[in-house]
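Read through the structure below, which is laid out as structure tokens, and then see the notes.
The values are calculated or read from the model by the stated rules, or taken from the named source; none is laboratory data. Please read all numbers here as calculations on a predicted model, not as lab measurements. Note: ideal-geometry Cβ built from the backbone for every residue, glycine included; neighbour counts use all protein chains shown.
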Amino acid sequence: MELQLSTALCPPGQKLSPGPSVRLAVKDTGQGIPLEEHSTLFESFIQGKHKRSGSGLGLHLSRRIVEAHEGSISVLSRVGEGSTFTVTLPSH
């Protein structure tokens, strides 16, 4: 797992207010998430096709918490290459 923390200016046009922000990126080397699952990844009670346990609430709750703080969360993932989840929060 790799963890990156950076600061940046949020460009206009994103969900965040333009201005200074903090970005946290967490990268793993797992099996990755198929592209067809990306659109529902942050919905409640949606479990991936990975056949492991879980309630399907973890990423949904993560998104709700981040959005409650006026931030955003996104994922970049490819099967066989792992995933990177990025949380961006305004630094006001």
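Listed values, structure above:
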{"quantity": "Members of the stretch 55-84 that are part of a helix (DSSP H, G or I) and either touching a residue at least 40 places away in the same chain (Cβ under 8 Å) or not hydrophobic (A, V, I, L, M, F, W, C) (or both)", "calculated": "Gly58, His60, Ser62, Arg63, Arg64, Glu67"}
{"quantity": "Residues of the stretch 43-77 classified as at pLDDT 90 or above and touching a helix residue (DSSP H, G or I) at 6+ places or on another chain (Cβ under 8 Å), total", "calculated": "4"}
